[in-house]
Amino acid sequence: EATGSVSIFPMGATTQESGSLFVYQINAQCSGVEEGDTCENAQLFVPFEGGLNSGTGWKYTVLAGSPDHPVTGAVTNVGGRDGYLISFTNPLPAGTSTSVRFTAQPPNLTTPNGTTWQVEPEFTFTTAGLAKKEVAPIPSSGTANAVFSPTMEKRFSAIKTGPYSLGLTTIASGNIAWMRLQASAGNPEGTGELIYDPNVNVVLSDPLPE
């Protein structure tokens, strides 16, 4: 009967801004001493138990490291556990050592600063009618950073209905000067940013001279 092993290594920085791609290489090996030993129904499962999750905005991909061992991947539930399941299309003969490139992308704007996770893949297969599972002895990790950097814009007008101008508008002494304050935060096209929490009150203030 065949035996197997699995390991994982980061392919790049493990601390990045939210919205960035975190790339990992997962290696799977099938070994045997008998002719015909094979790892059938070979799969890699990355459980969402160490901080990874299937929440809104999280994205995952997988790319086979060799055209001889194609794979498919999807977020799914296995045995009551959510995770990312990577399935080898063909059996892995004994002596096979192959890899996949697994990526995780925490969403920009909504990932809290300092979000951390572990990536601990499991290698499952059947051989000689037996089901086997191996777990990576050393998991990999990731940390996503994000900051809240609001900007505020102030426009002026001589009348309430506008138009409002970014520049100072000449207003006769004794008349009312109308101002419009607008704040924004978070660039959807950027990384490492946060938007306003709708559950938190936001106060805009502009102290006026006495």
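The values are calculated or read from the model by the stated rules, or taken from the named source; none is laboratory data. Just so it is clear, the model here is predicted, and its values are computed rather than measured. Methodologically, a virtual Cβ is constructed for each residue, glycine included, from the backbone with ideal geometry; neighbour enumeration extends over all protein chains shown. Each accessible area value is taken on the protein alone, full model and side chains, heavy atoms only, with ligands, DNA and RNA left out. Shrake-Rupley method; radii C 1.70, N 1.55, O 1.52, S 1.80 Å.
With the simple spin-label model, which puts each label point 7 Å out from Cα in the Cβ direction, the GLU35 to ASN113 separation comes to 6.5 nm. Surface analysis of the chain yields an accessible area of 58 Å² per residue, using protein heavy atoms and a 1.4 Å probe. Modelled label positions at GLU49 and THR170, each set 7 Å beyond Cα in the direction of Cβ, lie 7.4 nm from each other.
Listed by chain and number, the lysines placed with their C-alpha closer than 30 angstrom to that of LYS133 are LYS59; residues fewer than eight positions away on the same chain are left out.
Which label marks the calculated value of percent of Cα pairs over 32 Å apart, given the options [x] 41; [y] 14; [z] 20? Comparing each candidate, only [x] matches the computed number.
Using the Karplus relation 6.51 cos²θ - 1.76 cosθ + 1.60 with θ = phi - 60°, the per-residue 3J(HN,Hα) values for region 13-24 come to 5, 8, 10, 9, 6, 4, x, 8, 8, 9, 10, 10 Hz, with x marking Gly and Pro.
Net length available on complete extension from LYS160 to THR15 is 47.4 nm, with 0.36 nm assigned per residue and the Cα-Cα distance removed. Looking at the chain alone, DSSP beta bridges between its own residues are antiparallel in about 90 percent of cases. Close amide-amide hydrogen proximity is noted between SER99 and ALA28, GLY65, SER66, each under 5 Å apart and 5 or more residues distant or on a separate chain (H modeled in the peptide plane; Pro and chain starts excluded). The length gained by stretching the chain between ARG101 and GLU189 to full extension, at 0.36 nm per residue less their Cα-Cα distance, is 29.2 nm. Charge tally for GLY4 (other residues, Cβ to Cβ under 13 Å; Lys, Arg +1; Asp, Glu -1): -3.
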